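Everything below concerns the one structure shown next.
The values are calculated or read from the model by the stated rules, or taken from the named source; none is laboratory data. As the structure is a prediction and not an experimental result, all values here were calculated from the model. All Cβ positions, even for glycine, are placed from backbone atoms using ideal geometry, and neighbour counts span all protein chains on display. Accessible surface areas use protein heavy atoms only, side chains included; no ligands, DNA or RNA. Shrake-Rupley method; radii C 1.70, N 1.55, O 1.52, S 1.80 Å.
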Amino acid sequence: MKLPDPTFDEDINITFRRIRRAKFGRPKQAKGLTRKYLDAFLEVQPDNPWGLRNRAMLSLGYELLTRRSELVALTSRDLSLREDGTLSVLIRRSKADPSGQGRVAFTSIKTAIAIQNWLDWRGPHITYLFCPIYNGKAVERSLSADTVKRLIKTSAKKAGLNAKEIENFSGHSLRVGAAQDLLCAGYDAAAIMRAGGWKSINILSRYLEMAEHNVWA
């Protein structure tokens with residue numbers, strides 16, 4: 001005998017609504033890695049293969065407004081060189097795109113050069129765009145999403161930021177900072193949503209609410 005799902009019971013729903021209303025508080029917002037932070041973080045990367053990869057990852061993640069999972073999931077086949085020297089990038093399935101239609105985003109020439117510098121060292125035999133480096137050699141597997149967070153925090157420390165600022169950065173900071181910069185540059189919410197693949201204006205609004213207070217410290 002199949003019993004009814006108790007989670008649909010109205011008494012259960014009322015209880016959960018009361019719990020949510022009793023817990024006041026705002027979700028913690030990642031600190032935006034805006035252009036000024038990005039430039040500082042790029043400057044402190046080492047002149048070695050790890051630095052090539054780090055500069056390419058930071059630049060691409062910022063310009064494409066990617067989630068960290070989207071950034072590490074990119075493959076070399078997702079990139080296409082355009083006539084003007086920039087790249088078009090296919091960002092495949094994400095949590096906001098369960099059907100896997102993907103979205104296309106574009107880079108600057110400077111970021112396209114950073115990507116090519118990394119690829120020249122990495123070689124053509126690796127599937128994923130960004131991969132681990134072991135004993136000075138590229139390894140044929142993807143990076144974990146946590147690598148993006150560690151890269152951001154390590155770069156912030158090398159750039160001389162204080163402990164509080166470093167703590168507030170997260171793996172989403174590239175996405176947040178780029179969206180804030182677009183707002184300050186005069187783009188409206190609809191354009192930013194298209195650029196970053198947002199489906200909900202409520203989520204984007206949380207990212208943008210501190211944009212006017214982004215001050216390089």
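Are there trypsin sites (Lys or Arg not before Pro) in region 159-207 that DSSP marks as loop and that have at most 15 other Cβ atoms within 10 Å, and which are they? Don't skip to the end; give the middle numbers.
Values: sites: Lys164, Arg175, Arg194, Lys199, Arg206; in loops: Lys199.
Taking region 159-207 and a limit of 15 other Cβ atoms within 10 Å, the loop trypsin sites (Lys or Arg not before Pro) found are Lys199.
At 7 Å along Cα-to-Cβ for each site, give me the label-to-label distance between Trp50 and Ala190 in nm.
Between Trp50 and Ala190, the label points sit 4.6 nm apart.
In terms of the Cα gyration tensor, with a ≥ b ≥ c the square roots of its eigenvalues, is region 140-196 rounded because a/c is under 1.5, prolate because a/b exceeds b/c, or oblate? Numbers along the way, then the final one.
Details: a/c = 3.25, a/b = 1.42, b/c = 2.29.
Here region 140-196 falls in the oblate category.
For region 34-118, just say rounded, prolate or oblate: build the C-alpha gyration tensor, square-root its eigenvalues into a ≥ b ≥ c, call rounded for a/c under 1.5, and beyond that prolate if a/b exceeds b/c, oblate if not.
prolate
Taking K and R as +1 and D and E as -1, what net charge do the other residues with C-beta under 11 Å from the C-beta of Val148 add up to?
+4
Can you pull the accessible area of Met193 for me, 1.4 Å probe, Å² to the nearest 10?
My reading of the accessible area for Met193 is about 40 Å².
What is the spin-label model distance, in nm, from Arg141 to Thr154 if the labels are put 7 Å beyond Cα along the C-beta direction?
It is 1.7 nm.
Using modelled backbone amide H atoms (1.01 Å from N, in-plane), which distant-in-sequence or interchain residues come within less than 5 Å of Thr75's amide H?
Sorted by chain and number, the residues that satisfy this are Leu129.
Based on alpha-carbon centroids, what's the gap between region 46-78 and region 125-197 in Å, whole number please?
7 Å
Express in Å², to the nearest 10, the accessible area of Asp47 obtained by rolling a 1.4 Å probe over the protein heavy atoms while all chains stay in place.
Estimated to the nearest 10 Å², Asp47 gives 150 Å².
Filter the GluC sites (Glu not before Pro) in region 115-173 down to the DSSP loop ones having no more than 14 other Cβ atoms within 10 Å, then list what survives.
For GluC sites (Glu not before Pro) across region 115-173 that sit outside H, G, I, E and B with at most 14 neighbouring Cβ atoms in 10 Å, the list reads Glu140.
As a test question: what accessible area, to the nearest 10 Å², does Glu209 have when a 1.4 Å probe is rolled over all protein chains in place?
We get 90 Å² for Glu209.
Of all trypsin sites (Lys or Arg not before Pro) in region 36-130, which ones are in loop regions per DSSP and have a Cβ with at most 11 other Cβ atoms within 10 Å?
Passing sites in region 36-130 are Lys95.
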